[in-house]
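First up is the structure itself, then whatever we jot down about it.
Nothing in this text is a laboratory measurement; each read-out follows from the coordinates by a stated rule. Just so you know, these numbers come straight off a predicted model, no measurement behind them. So basically every Cβ, Gly included, is an ideal-geometry build from the backbone, and we count neighbours across all protein chains shown.
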Amino acid sequence: MNTDAILSFEEAMEKYDPVLGFEVHVELNTKTKMFSSAPNVFGDEPNTNVNEVDLGMPGVLPVVNKAAIESSIKIGLALNCKIAESCRFARKNYFYPDTPKNFQTSQYDEPIAYDGYLDIELSDGTVFRVEIERAHMEEDAGKLTHMGGATGRIQGADFSLVDYNRAGVPLVEIVTKPIEGAGSRAPELAKAYVAAVREIVKNLGVSDARMERGNVRCDANVSLRPHGRERFGIRSETKNVNSLRAVEHAVRYEIQRHAAVLDSGEPVVQETRHWHEDTRTTTSGRAKSDADDYRYFPEPDLVPVVPSREWVEELRATLPEPPAARRKRLQADWGYSDLEFRDVVNAGVMDEIEETIAAGASASVARKWWMGEIVGRAKNADVDPGQLGVRPATIVELARMVEEGKINNKMASEVLDGVLAGEGTPAEIVDKRGLAVVSDDGPLLEAIDAALAAQPDVADKIRGGKVQAIGAIVGGVMKATRGQADAGRVRELILEKLGVTV
Amino acid sequence: MAAINRDDVAHLARLAHIEMSAQELDRMAGELAVIVDSVKSVSQAAGDDVPATSHPIPLNNVFREDVVGHTFTAEQALSGAPDSDDNRFKVPAILDEA
């Protein structure tokens, strides 16, 4: 159990200045592995997507996957990096059963991409530039499952089972330079940075980018220093923080923990920390004393990769519109205000709105439905709005029925509930639930008479020219018709009845 | 490079999970030191004008198309494993050390 002391985040911020750094691993979605022709597929039976190269058998030779190189160059370009004229692979030596070779093939002093940056937009529109140190190619390791022991965690396990299907899956590791000056926005920036990287690789089509499957994994480095001091404090590295929310929480927690350590007069221990989603805390992993003991050396079985400038430019020409540029274009196309658009982005429904507009809805109707109706329902269900399964065509159909006066907004919302409950199409639900705006004036006139008789003083006011008082009568009619009347028509009929022209 | 001493060998043995007796450590430290010295003579031959290389032949960009090839069955993959369980390699409990 975790017993680390922490300071409140506010107090930590008063006393210290955080410096961040991230290593984000992106699994590429190539058909085959980085150095072998075994399939790169998630979720298959254990140890079936392996061959002799992945199992590190004696005498085997790796061969580089060209598509993985292309994807890596694309990632480098999208991160505004320089692409190396020549680069090599290196062996990173360590003994652990997740690699049967006792080394991971990686890149060391010659990454394929380096010196880039990414402009990160925070929730209030502030833009923060994160400098990219490098993006290098490597291979993923096998998956260990720790068995026995009390917790299923690595400590106290009796034995471990290894599946090498993931061994050799192409990875690109993106390393930032130290990120200074984020202050109290550090946790938010952390989340926004990882979200931006995920968005970019998804947009490039080079990764499935599903964090819950480990396609994008983040190691977060945090250190604190007193305000005004230039020298960095000692950092911790929190491993495998595997959701956007967890990235934010982990950085926040580590800031609070470091602050308490520093306040007690102790030095921070440079170490790996493990993130625990259940308690939202970290615990100590190994100390980093062996950090430089990987005995890197150039991989003798792989020759250098020398991307010609022509090849790089060809790849650059295939890059899709960057997400940030796309956002600017969509906001202009849709005519949303900065605030409206930011809300849409923060709610995570930009793609959905784009699809809804493409299906035939107006920009304002699409926003009204997603922001006004669906986001709230998603929040209640604790899922992402896109996961509710609302189809663009459904919204277009609902909007059309409202426009044609068949149903009103309140009913449309009810119909949406029906669609989400799997009761059928909007038209079927309107039928089944008997939801239709009462447009026959007969029953409306009766209800209006009743409402006017019930509130004679209001009726007098309206006759006297205070038309704004009409709401009370309209409300009475809507109540009497259980919301099924067309409020606009009711208003017309009341004014007609009272002989008031507006 | 400094000569390999006994502590270096002990450290590497620990990393490699190789149990070595005191005599073995002594002997290996001596032998490795000789090997390292022999390799060092190469750097006497190469002057400053010779760039470091990892490959003796000037070859680069050897690539494979992204096409799925052969795989093993789980039985084949595990056929040489000392122990297995549930179609996976079974390894002793690993302390948090790597």
For A:ASP338, A:ASP384, what ranking results if the residue with the fewest other Cβ atoms within 10 Å of its Cβ goes first? A:ASP338, A:ASP384
How would you order A:461-470, A:171-180, A:253-262, A:308-317 from highest to lowest mean count of nearby Cβ atoms within 10 Å? A:253-262, A:171-180, A:461-470, A:308-317
Determine the dipole magnitude for the stretch A:1-156: charges of +1 sit on the beta-carbon of Lys and Arg, -1 on that of Asp and Glu, nothing else is charged, the reference point is the Cα centre, and the result goes in debye to the nearest 20. 760
With only helices counted (DSSP H, runs n ≥ 4, each -39500 (n - 2.57)), the per-residue ellipticity at 222 nm for chain B, to the nearest 500, works out to -12500 deg cm²/dmol
Amide H to amide H under 5 Å from A:CYS81: which residues, 5+ apart in sequence or cross-chain, H placed 1.01 Å off N in plane? A:TYR117
Shielding by partners - mean other protein chain Cβ count within 10 Å, residues of A:90-98: 3
Just from its helices, what would the mean residue ellipticity at 222 nm be for chain A, if runs of 4 or more DSSP H residues each count -39500 (n - 2.57) and the sum is divided by every residue, rounded to the nearest 500 deg cm²/dmol? -11500 deg cm²/dmol
At what distance in nm do the modelled label points of A:SER308 and A:SER8 sit from each other, each positioned 7 Å from its Cα along Cα→Cβ? 6.4
Go through the stretch A:44-57 residue by residue and turn each phi into a ³J(HN,Hα) via Karplus (6.51, -1.76, 1.60, θ = phi - 60°); whole Hz please, and just put x for glycine and proline. 7, 4, x, 6, 10, 9, 9, 9, 5, 5, 5, 8, x, 6
Mean Cβ neighbour count within 10 Å, used as a protection proxy, ranking A:263-271, A:426-434 highest first: A:426-434, A:263-271
Check the straight Cα-Cα distances from A:LYS368 and name the lysines below 21 Å, setting aside those fewer than 8 residues away within the same chain. A:LYS328, A:LYS379, A:LYS406, A:LYS410
Distance in nm between A:ARG377 and A:ARG210 label points, each 7 Å along Cα→Cβ, equals 2.4
For a label point 7 Å along the Cα-to-beta-carbon line of A:LYS143, residues of the stretch A:48-70 with backbone N under 16 Å: A:48-50
Would you be so kind as to identify which of B:ILE18, A:VAL390, A:LEU493 lies farthest towards the positive end of the dipole of the protein assembly as shown, taking Lys and Arg as +1 and Asp and Glu as -1 on Cβ and the Cα centre as origin? A:LEU493
Quick one: 3J(HN,Hα) in Hz for the stretch A:369-377, Karplus 6.51/-1.76/1.60 with θ = phi - 60°, rounded, Gly and Pro as x. 5, 5, 7, x, 10, 7, 4, x, 5
Please order A:LEU55, B:LEU78 by the number of other Cβ within 10 Å, starting at the fewest. B:LEU78, A:LEU55
Between A:ALA454 and A:ARG129, 0.36 nm times their residue separation minus their Cα-Cα distance comes to what? 110.6 nm
Residues in the stretch A:412-427 that a label on A:SER362 would reach, taking backbone N under 20 Å of a point 7 Å out along Cα→Cβ: A:412-413
Would the stretch A:124-276 count as rounded, prolate or oblate if I go by the C-alpha gyration tensor, calling it rounded below 1.5 in a/c and otherwise prolate when a/b exceeds b/c, oblate otherwise? oblate
Mean other chain Cβ within 10 Å across A:160-171 is 3
So who's got an amide H within less than 5 Å of the one on A:TYR94, skipping anything under 5 residues away but keeping other chains? H placed 1.01 Å off N, in plane. A:PHE103, A:GLN104
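What ranking of B:MET20, A:MET211 emerges when the number of other C-beta atoms within 10 Å of each C-beta is taken as an exposure proxy, fewest first?
With the sparsest Cβ surroundings first, the list reads B:MET20, A:MET211.
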